[in-house]
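A short worksheet on the structure shown next.
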Protein chains: 2
Amino acid sequence: METKEAMPTRTEAVMAAIRRRVASRSLTPGEKLPSIRRFARDMQVSPSTVVEAYDRLAAEGLIRSRPGSGFYVAGSPAPVAPRDVEPRLDRAIDPFWVSRQSLDAGPEMLKPGCGWLPADWMPNAAIRRAIRALARADDAVLTDYGATRGSPTLRRLLARQFAAEGLDAGPEQILLTPSGTRAVDLLCRFLLNPGDTVLVDDPCYFNFQALLRAHRAKIVSVPYTPAGPDIALFNEAFATHRPRLYITNAALHNPTGATLSPSTAHRVLTAAAAHDLTIVEDEIFADFEPEPSPRLAALDGLSRVIRIGSFSKALSASIRCGYIVARPDWIESLIDLQVATNFGGPSPVAAELVAATLTDGSYRKHLAGLRNRLAKRRREILDPLEGLGVVPWTLPRGGFYLWCRLPDGRDAAEVAKAALREGVVLAPGNVFSVTQSAGDLMRFNVAQMNAQVLRVLAQALR
Amino acid sequence: METKEAMPTRTEAVMAAIRRRVASRSLTPGEKLPSIRRFARDMQVSPSTVVEAYDRLAAEGLIRSRPGSGFYVAGSPAPVAPRDVEPRLDRAIDPFWVSRQSLDAGPEMLKPGCGWLPADWMPNAAIRRAIRALARADDAVLTDYGATRGSPTLRRLLARQFAAEGLDAGPEQILLTPSGTRAVDLLCRFLLNPGDTVLVDDPCYFNFQALLRAHRAKIVSVPYTPAGPDIALFNEAFATHRPRLYITNAALHNPTGATLSPSTAHRVLTAAAAHDLTIVEDEIFADFEPEPSPRLAALDGLSRVIRIGSFSKALSASIRCGYIVARPDWIESLIDLQVATNFGGPSPVAAELVAATLTDGSYRKHLAGLRNRLAKRRREILDPLEGLGVVPWTLPRGGFYLWCRLPDGRDAAEVAKAALREGVVLAPGNVFSVTQSAGDLMRFNVAQMNAQVLRVLAQALR
């Protein structure tokens, strides 16, 4: 693992554990800290290490010593960053659990359950160059609403990229959106009536479920295999449920990291044609593939498949911008819908920054570097995880997820709750599972793992 | 009017008219231009002026001379800006008409029907300073998703501003959204079931209608008077339609520019309480008020009123960011809904730029300057409009709209179509009217008016 340089001393590890408990309100102002002896045993360090940690935290003002009584959390601890939201330990484990806990986690929290890379893995130098160039752009770029489809420059860039991948779509067939999620949201509005049935994978990205519930859709799932959806059950689902839409991932499946095989792709499209099914193919992790895998949109020629994506995973999740690629007549209707619900697409300023970063000379190298770094991380984390009895369900070709089974049928939701109390946000399996059949599975983001995460995980599994 | 410095020579005016016809596809490649004699008569210039204009356009390559035959539009005219969307002359005049035509209008088009200020009226210097500061921000600001409520800095700024206006709402009661429209969209999702009835003003902002149709809501309207909704009819609407929600503007009403009076505000709230009505108060034009007018949200204390707004009108429509202010329990549910449908709020980068621009030393002066400039423009445009028989329905206290009646019951939709052929986007009354009772009314944006607009309008009214 690449975490050695980041390994804290034992004293620092104890200090960090206390800070996280205070940040997560597992320890609240005025509350007594664990005794030195007990905490030393829990953390597997010597009592003198805990004494030193407590003394240093008292010097910082986070805790106070009451002679003869012990250490207490100080009255109003100065937050590390100004925030008015704290992780809620009492939240139900539902499809919102991971998003809310990880989006609102403070900098003290560790987030191996989250769906993004650490900020220092991103192409920050190229983004800063793009921002400096933006400061010299025309007034109209800085202040006008922009065209309804979004930046022509960015759409032409995307059209060229799609053509290289065998997908023939002109810039006028691309609609920029404020995010990849928003792209799926617009499509659900366009394609669904309340009560329509939508097919998803089991497991699938938890937010597909949250989104479909917001649309009052009936959700039906098909088990995902390491080669794509189980085709026999996929076909069965038509007879039983008559779904209107299938939402899935291309390239690297979330959460499993699996890749659709060519033959499964062909069968999915054959079944879709037989039953007049529309497919939304979310390729948000495509940049992380070592080699391009089959794309339903390219095979189908955008007749019943709609492709969506965004730049949040490899470029920036702060400069929010996503896209939809679809038939021209559908794009025309989607524009009206996006005008009605957002008065246009993404921030033109955001689209400008994305286009400039994508065309920065360093970007191709950045992507290659990410892929190498993630491959190394995936390899390095396997041993320590298997040492805890945590075993990958499949070995992904790329990306940052490992979908793993916990030992002895352990309840991932309980493990996640225990870890949250220690300031670690995990992603328990059932938030991804419509049928709630992933109770002993867990999704790990290898880029967010370190020695402290492994320590908390070991403790939560004990 | 302040348009003198921008007044083109007669030759330039003729050239611009031809360019607009080509841009709007009123003249298509290969088509013959009007004869010199006819065009000179239409434009009220001498034939030699038209000859000079045609010659110069031929030198530019936009048109070609065929000796003995006349002038023709060149085969593939180089577009002024790269665009793949042109205004569609065949579009039906519906609530999308103004938005689509004005958002996708090229730089050659004039847009007195649009809902924004010219780019050079905006605080561009302050925005450029904010962008340069952004280039030095932490990596996390540039690439992380950010907290679910959006930038704490911006929310604290807003909370202070609201407190100064008498609205007591903490930063945790503010949810940032990607736009003001998106704020209303989220609220409709949160508050409405398909088939629910929603009350709007007649006339009202056309996009409220487009949005409510997307939500399958039943739309009922109440006539708007210069002091707010007609209270007798407002009360009648409850008995007949049992609306769930009322969406209206605070500060300056769109399209009329009227302001809610204190007594109407009180009666609206009394009726709302009696019938358990929720109100969305859109204050997007608040910055343009000379003096603050009554706010339903402040009177009501955010019990049944939800306030929304954005920075698109006075700061930037490109750096997209809006907000919702509501009861804490409603905000909590809205966060889940925004995570489900957009995986969070606006671009954190956008929120950062908005916060930095709002706190720039020049911003208060910018707003005061805008108000003065608009007041002058409103006064200056009245005479020329009245010269055409176009009369304001009311004289607004601020903002950039004049809601005017056309002479002799002229059909505003026909006038708008004729003007579009001349490259001018107008906003005909019925796009704002649920009952289609504003057929001879028109909304003018005084900041987008100039001599050429008046000339085209005069011609279209003839």
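Since every read-out is calculated from the coordinates, none of them should be taken as a lab result. Note that the structure is predicted; figures quoted are calculated from it, not measured. Ideal geometry is used to build each Cβ from the backbone, glycine not excepted, and the neighbour counts take in all protein chains shown.
A few points about this structure:
- A protection proxy built from the mean count of other Cβ atoms within 10 Å ranks the segments A:302-311, B:155-164, B:222-231, most packed first, as A:302-311, B:222-231, B:155-164.
- For the residues of A:168-178, the average number of beta carbons from a partner chain within 10 Å of their own beta carbon is 2.
- Residue mean of other protein chain beta carbons inside 10 Å, A:132-142: 6
- Averaged over the residues of B:314-327, the number of partner chain Cβ atoms lying within 10 Å of the residue Cβ comes to 4.
- Sum of side-chain charges, A:E289 neighbourhood, beta-carbon under 10 Å (Lys, Arg +1; Asp, Glu -1): -1
- Structure-based [θ]222 nm, chain A - -39500 (n - 2.57) summed over DSSP H runs of at least 4, per residue, nearest 500: -13000 deg cm²/dmol
- The residue list A:L406, A:V268, A:G439 was ranked by how far each Cα lies along the charge dipole of chain A toward its positive end, using unit charges on Cβ atoms, and A:L406 comes out on top.
- Within-14-Å neighbourhood charge of B:G387 [Cβ basis; K, R +1; D, E -1]: -1
- Within the stretch B:124-358, the proportion of C-alpha pairs whose separation exceeds 27 Å stands at 32%.
- Charging the Cβ of each Asp and Glu at -1 and of each Lys and Arg at +1, and nothing else, the dipole of the stretch A:112-209 about its Cα centre rounds to 500 debye.
- Per-residue Cβ neighbour counts within 10 Å put B:E52, A:E414 in the sequence A:E414, B:E52, beginning with the fewest.
- Protection proxy ranking, peptides A:263-271, A:277-285, B:210-218, average beta carbon neighbours within 10 Å, highest first: A:277-285, B:210-218, A:263-271
- With coordinates expressed along the principal axes, the C-alpha atoms belonging to chain B extend over 76, 56, 40 Å, beginning with the largest.
- Column: log10 I(q)/I(0), Debye, Cα scatterers of the protein assembly as shown, q = 0.04, 0.07, 0.09, 0.10 Å⁻¹: -0.20, -0.61, -0.98, -1.18
- In terms of its C-alpha gyration tensor, the stretch A:232-336 comes out oblate, because a/c is 1.5 or above while a/b does not outweigh b/c.
- Inter-copy spacing of B:A368 label points, which lie 7 Å from Cα along Cα→Cβ, given in nm from shortest upward: 5.7
- Cβ crowding within 10 Å averaged over residues, with A:99-110, B:418-429, B:190-201 ranked highest first: B:418-429, A:99-110, B:190-201
- Around the Cα centre of chain A, unit charges on the Cβ atoms of Lys, Arg, Asp and Glu (plus for the first two, minus for the last two) sum to a dipole of about 1180 debye.
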